[in-house]
Amino acid sequence: MSIIVKNMLDAKGRDVVTVTPEKTVLEVAAVLNEKRIGAVVVTGVEGRVTGIFTERDVVRALATKGAAVLEQPISSVMTVTVQRCREETTVNQLMEMMSSGRFRHVPVEEGGQLVGIISIGDVVKSRIREVELEAEQIKAYIAG
Ligand code: AMP
């Protein structure tokens, strides 16, 4: 059996922490810290995805622009070419996306609407479950 994003969202929930692009780097760093998450999705008009901003972006912004960047809007440092997935995307496809794109978060979109987010931690959890299920099926087949 192949686990898909829909199964993962059914288990973990569909809440996504979003921010608007004019929030400052410092404000969004506080959100990441308070919510204990690594990424926020940046939304614009009608809740459309306009970017993604992660802890990695905080480090990069500080290193390349200096401490003054903390007061700048995240729109100046966020990633705007956001790779997304659908509820039908498989765990294997997510692993391929994350490893080839070198990122650990993928927003889920259906019909242009944000319906969830998958982190690399969710992918690892699902992949372990998938391997366990495969092992159970093989054992049942051998026994049976
Ligand atoms: P992460 O590993 O998720 O902290 O992200 C590493 C870098 O990739 C950061 O610059 C993020 O803004 C960017 N990034 C994260 N997720 C995505 C995504 N789904 N599509 C494109 N870029 C992303």
Practice task
Could you check how many residues of the stretch 48-72 are open to solvent by 100 Å² or more (accessible area, probe 1.4 Å), under 26 Å from D122 (Cβ atoms) and more than 10 Å from the ligand (Cβ to nearest atom)?
Solution key: 1
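Could you say which residue among V17, V108, V45, V91 is away from the ligand (no atom under 13 Å from the Cβ), closer than 30 Å to E134 by Cβ and of a type in the set (A, V, I, L, M)?
Working: V17 fails: closer than 30 Å to E134 by Cβ; V108 fails: away from the ligand (no atom under 13 Å from the Cβ); V45 fails: closer than 30 Å to E134 by Cβ.
Answer to the selection: V91.
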Practice task
Exactly one condition in (1) touching a residue at least 24 places away in the same chain (Cβ under 8 Å); (2) surrounded by 14 or more Cβ atoms within 10 Å (Cβ to Cβ); (3) closer than 21 Å to R86 by Cα is not met by V25; state its number.
Solution key: (3)
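Based on what the data block shows, is E109 over 11 Å from the mean Cα position of the chain (by Cα) and under 14 Å from V16 (Cα atoms)? Working first, answer last.
Working: over 11 Å from the mean Cα position of the chain (by Cα): yes; under 14 Å from V16 (Cα atoms): yes.
Taking the combined requirement at face value, the residue satisfies it.
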Handout entry: Any pair with Cβ under 8 angstrom, 6 or more apart, that starts in the stretch 67-87 at a residue that is closer than 19 Å to T20 by Cβ and ends at one that is basic (K, R)
Key = Q72/K65; P73/K23; I74/K23; V77/R60; V77/K65
Fill in the blank from the handout: Screening V40, V31 for residues that are without any contact (Cβ under 8 Å) to a residue 24 or more places away in the chain, more than 30 Å from E134 (Cβ to Cβ) and surrounded by 19 or more Cβ atoms within 10 Å (Cβ to Cβ) leaves only V40
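The values are calculated or read from the model by the stated rules, or taken from the named source; none is laboratory data. Just so it is clear, the model here is predicted, and its values are computed rather than measured. Because the Cβ atoms are built from the backbone with ideal geometry, glycine has one as well, and the counts that use them run over all protein chains shown. SASA here: full protein model, heavy atoms, side chains in, ligands and nucleic acids out. Shrake-Rupley method; radii C 1.70, N 1.55, O 1.52, S 1.80 Å.
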